[in-house]
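*Asks:* Sharing a structure below in structure tokens format, with a few things to ask.
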Amino acid sequence: MNIFILIASVLLVAIIAGLLYLAWCGLFANITVEERDEGPFLLVYKKHTGDYKNIGPVLDDVYHTLRDKHDLTTTRGFGLYYDNPQLVEKANLRSLGGCVVDGLTPEELHRRYPGVSESFGVAAFPASLSVAAEFPYRGTVSVILGVFRVYPRLHAWMKKYKRRSVPVMEIYDTPNRKITYLAAVGVPDSIYENLLNQGT
């Protein structure tokens, strides 16, 4: 076989395999933006300042500490992103990262796992009318694709229907393999500020 045909065949297979993988990660996923009630959520988290792409270790730290030190296993992680990276320098971007704890109130968490609040911020995020979208979750590649595929649609919807700008929460739902993007427009600014102030 001609060496050039062989190389072209290998490249074609690699390109097809790459496209199939990206499709599995959400490259061609249908995205619907809607307004719906979401929450409440019990959040355990740490503050992060800097490039949003570096928040992964923060989520991992919270997850592993809860599991290994406190025997508390969670299945959903989250990031709450305060600033528009097109308007704020990367070094100054503010975010929170951690876990969503299901089935407990803050009081129950403090009583059953008293050490958690000594290490992390703990807060109840209220139920709220939210602008929401969902995207497949297949790992880091899906998170990156979501930035380019979901956020333009989310912001366009909010601009069209004149919703106020608020921090956006991404919930990484491992069992259901999806990322839920929430702009909780019904949550007062004071609650977002309190979350920052309470974080570690």
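Yes/no per residue for (1) closer than 24 Å to Val131 by Cα; (2) among the small types (Gly, Ala, Ser):
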{"site": "Leu19", "(1), (2)": "no, no"}
{"site": "Gly26", "(1), (2)": "yes, yes"}
{"site": "Arg36", "(1), (2)": "yes, no"}
{"site": "Phe78", "(1), (2)": "yes, no"}
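*Asks:* While we're looking at this one, here's another question. When region 64-84 is examined, which residues are found to be outside any loop (DSSP other than H, G, I, E, B) and either over 14 Å from the mean Cα position of the chain (by Cα) or not assigned by TED's automatic domain parsing to the domain that holds Pro114 (or both)?
*Replies:* His64, Thr65, Leu66, Arg67, Asp68, Lys69, His70
*Asks:* Given the conditions (1) under 15 Å from the mean Cα position of the chain (by Cα); (2) part of a helix (DSSP H, G or I); (3) crowded, with 17+ Cβ neighbours inside 10 Å, which single one is not true for Tyr172?
*Replies:* Looking at each condition in turn, Tyr172 falls short on (2).
*Asks:* Related question: Among the residues of region 54-74, write down those that are at pLDDT 95 or above, of a type in the set (Val, Ile, Thr) and in contact with a helix residue (DSSP H, G or I) (Cβ under 9 Å, 6 or more places away or on another chain).
*Replies:* Result: Val62, Thr65, Thr74.
*Asks:* A further question follows. Quick check: anything in region 121-135 part of a helix (DSSP H, G or I) and out of contact with any helix residue (DSSP H, G or I) (no Cβ under 7 Å at 6 or more places or on another chain)?
*Replies:* no
*Asks:* Within region 144-165, which residues are buried (at least 21 other Cβ atoms within 10 Å of the Cβ) and in a loop (DSSP other than H, G, I, E, B)?
*Replies:* Answer for region 144-165, where residues must be buried (at least 21 other Cβ atoms within 10 Å of the Cβ) and in a loop (DSSP other than H, G, I, E, B): just Val150.
*Asks:* Can you tell me which residues in region 57-79 are surrounded by 15 or more Cβ atoms within 10 Å (Cβ to Cβ) and under 23 Å from Phe148 (Cα atoms)?
*Replies:* Of everything in region 57-79, those that are surrounded by 15 or more Cβ atoms within 10 Å (Cβ to Cβ) and under 23 Å from Phe148 (Cα atoms) turn out to be Val58, Leu59, Arg76, Gly77, Phe78, Gly79.
*Asks:* For region 6-56, which residues satisfy the criterion of being part of a loop (DSSP other than H, G, I, E, B) and touching a residue at least 40 places away in the same chain (Cβ under 8 Å)?
*Replies:* Matches in region 6-56: Gly26, Leu27, Ala29, Ile31, Thr32, Val33, Gly39, Pro40, Gly50, Asp51, Ile55.
*Asks:* Counting just the residues of region 175-194 that are surrounded by fewer than 21 Cβ atoms within 10 Å (Cβ to Cβ) and not in a loop (DSSP other than H, G, I, E, B), which one comes out nearest to the chain's Cα centre (by Cα)?
*Replies:* Residue satisfying both the conditions and the ranking: Thr180.
*Asks:* Another question, if that's okay. Considering only region 80-107, state which residues are modelled with pLDDT under 95, exposed (fewer than 14 other Cβ atoms within 10 Å of the Cβ) and either hydrophobic (A, V, I, L, M, F, W, C) or touching a strand residue (DSSP E or B) at 6+ places or on another chain (Cβ under 9 Å) (or both).
*Replies:* Leu87, Asp102, Gly103, Thr105
*Asks:* Here is a follow-up. Take the residues of region 124-143 that are surrounded by 18 or more Cβ atoms within 10 Å (Cβ to Cβ) and of a type in the set (Gly, Ala, Ser): which is farthest from Asp37 (Cα to Cα)?
*Replies:* Checked region 124-143; the qualifying residue farthest from Asp37 (Cα to Cα) is Ser142.
The values are calculated or read from the model by the stated rules, or taken from the named source; none is laboratory data. Quantities reported herein were computed from a predicted structural model and do not represent experimental measurements. Reconstructed Cβ throughout: ideal geometry from the backbone, glycine too, with neighbour counts over all protein chains shown.
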